[in-house]
Ligand SMILES: Nc1ncnc2c1ncn2[C@@H]1O[C@H](COP(=O)(O)OP(=O)(O)OP(=O)(O)O)[C@@H](O)[C@H]1O
Ligand SMILES: [Mg+2]
């Protein structure tokens, strides 16, 4: 549009500072909104990721209160045709007798079957993480720690590590180190993996498990399989999805989400105000220009078009920078 | 032809001002008319009403038979665009545009082709003696030169009606005479209807018809 070139561009050239301020206003408005929104999104994503990572590909979890399960229950669950894979889990929290602070969550899993549910990124390729897999499984004191935890405490393979648990101090030997990704990043590295059968022995669980994690056959709905399992197992057993187990997380994240939305709205409001103001100022300052154009025979449409085109151009610049 | 019947214009402010009071006036095509009167007598107001920039409180204004109050906003703009050239009391050039661009502007607004625009703008700037200052910005020109650009702009569309509000008011008398000569020349060549507001006696006396306003009322209307 010739008018735009003739007037607006000249105007921008002549009033570089004012134009820059107008654009800066738009930049700020968009940036505040986009920034708030992105920040909120990433915090929410982090929350959700934590829940997801611990659960892995687990679709349902079976619990039975403090006492846990007999091994026989695991076999029954594994025998249900709708269940693709079911693995036993023992969770224990222990305090390392080391320099580093913080508790260690020990996740004891079936080392042979659990890889289909959870992703452990292992150092030095998948198979060399454990000096000798047979030794790892054969020795109940074998434990796998994260690279961060190893670095923090100056641990390397085959070093001893004493952990205080509910049943007193336990001595372990580091026989594997995990890369920090997937599951391990959920706890900032304070996670250790050991064999579930070894854990039964070390933590005095007898022949019981804390939990069964399972995935259903392709194409089936977890909720329906869950109902079926509840019927099968009878009272005293809860079959739930990992996300409903992570209720605390969820309610926390929904409260946070609401708060985040309110701040986003505020930011949007401020952003709109800044943008509106920038243009209101620009239009007021150019009222005489508009008057002259009208007197020279510019229709309302032509002038509106001019300002719309201008705001479109300014807006595009501003938005580009705001991002 | 310009025809005013019973035109009154009031401004509502803290105190109501009657800028024009029951003005009846008829200006025929091709006339050259001067409009004199003390400051605040309503001269600029009259020009603005005729040019359709403002609306009368009561009464009617017709241009070539078209009653302005009966027109939509867009139709009024088109009429103004096709029939009227304005020279403002203060030059009202767009400061960011060069002389050439200022003169081209009304032609752009009428959707002319680029080549035609360039040709016409050159022609008129040459006519007002600024053929060599095409690319200059208004601030780089003297007052007289600016007024000449404003005249070239007003005439760029060959308007049938030229409304000039003190075109020589901000100029020294020699330049004023020059500008007036220019307007007379164009009036003669294009049979433009000219209405000039002026404080300058000699300018007024150079027009074949002289109208005097006082307190918003026509107090004298004579032809020589
Ligand atoms: N927009 C307005 N609002 C209020 N009053 C106005 C407005 N425009 C003009 N007036 C008043 O109307 C009267 C006539 O004004 P106008 O500008 O027509 O005078 P003028 O004859 O052109 O004077 P000058 O020779 O000083 O230019 C003045 O009293 C003025 O104060
Ligand atoms: Mg005036």
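Derivation of every value follows stated rules applied to the coordinates shown; laboratory data play no part. Keep in mind it's a predicted model, so treat the numbers as computed, not measured. Positions of Cβ are generated from backbone atoms using ideal geometry, with glycine treated the same way; all protein chains shown enter the neighbour counts.
Once you average over the residues of B:81-90, how many Cβ atoms of partner chains fall within 10 Å of each Cβ?
Working: counts 5, 1, 1, 3, 3, 4, 0, 3, 0, 1.
The shielding value for this peptide is 2.
Short to long, the 10 Å bins of the Cα pair-distance histogram for chain B hold 8, 33, 36, 19, 3, 0 percent of all pairs. Each of A:272, A:144, A:166, B:22 has some number of other Cβ atoms within 10 Å of its Cβ, and from fewest to most they run A:166, A:272, B:22, A:144.
Full extension from residue B:158 to residue B:67: what is 0.36 nm times the residue separation minus their Cα-Cα distance, to one decimal in nm?
Working: separation 91, 0.36 × 91 = 32.76 nm, distance 2.21 nm.
Once the chain is fully extended between residue B:158 and residue B:67, it gains 30.5 nm.
Modelled spin labels at residue A:221 and residue A:95, positioned 7 Å past Cα toward Cβ, are 4.7 nm from each other. Remark: the residue A:312-residue A:270 segment gains 13.1 nm on full extension, using 0.36 nm per residue and subtracting the alpha carbon distance. Computed from Cα atoms, the angle from the helix B:114-127 axis to the main principal axis of chain B rounds to 80 degrees.
Per residue of A:213-221, other chain Cβ atoms within 10 Å of the residue Cβ number 0 on average. Which whole-angstrom value gives the distance between the alpha carbon centres of region B:157-224 and region B:1-62? Centre-to-centre (Cα) distance: 16 Å. Which of A:149, B:88 comes first, and how do the rest follow, when ranked by fewest Cβ neighbours within 10 Å? Exposure proxy ranking, most exposed first: B:88, A:149. Rounded to the nearest 10 degrees, the inclination of helix B:143-155 to the longest alpha-carbon principal axis of chain B is 80 degrees.
Spin-label model, residue B:174/residue A:173: points 7 Å from Cα along the beta carbon direction are separated by 11.3 nm. Backbone N atoms of region B:107-121 closer than 20 Å to the 7 Å Cα→Cβ label point of residue B:135 belong to residues B:115, B:117-121. Spacing of the modelled spin labels on residue A:235 and residue A:151, each 7 Å from Cα toward Cβ, amounts to 5.3 nm. With R₀ fixed at 25 Å, the C-beta to C-beta distance from residue B:39 to residue B:224 puts the FRET efficiency at about 0.50. In chain B, helices alone account for a calculated mean residue ellipticity at 222 nm of -11000 deg cm²/dmol, with every DSSP H run of four or more residues adding -39,500 (n - 2.57).
Cβ-Cβ distance of residue B:199 and residue B:5, R₀ of 25 Å, FRET efficiency by 1/(1 + (r/R0)^6): the value works out to about 0.35.
Just want the ordering: B:178, B:60, from fewest to most Cβ atoms lying within 10 Å of their own Cβ.
On the way: B:178 17, B:60 14.
Ascending Cβ contact count within 10 Å gives the list B:60, B:178.
Roughly what angle does helix B:73-83 make with the longest principal axis of chain B, taking Cα atoms, 0 to 90 degrees, to the nearest 10? Here the helix axis deviates by roughly 60 degrees. Across peptide B:92-104, the mean count of Cβ atoms from other chains lying within 10 Å of each residue's own Cβ comes to 4. The listed peptides A:193-203, B:199-209, ordered by packing as a protection proxy, come out as A:193-203, B:199-209 (highest mean of other Cβ atoms within 10 Å first).
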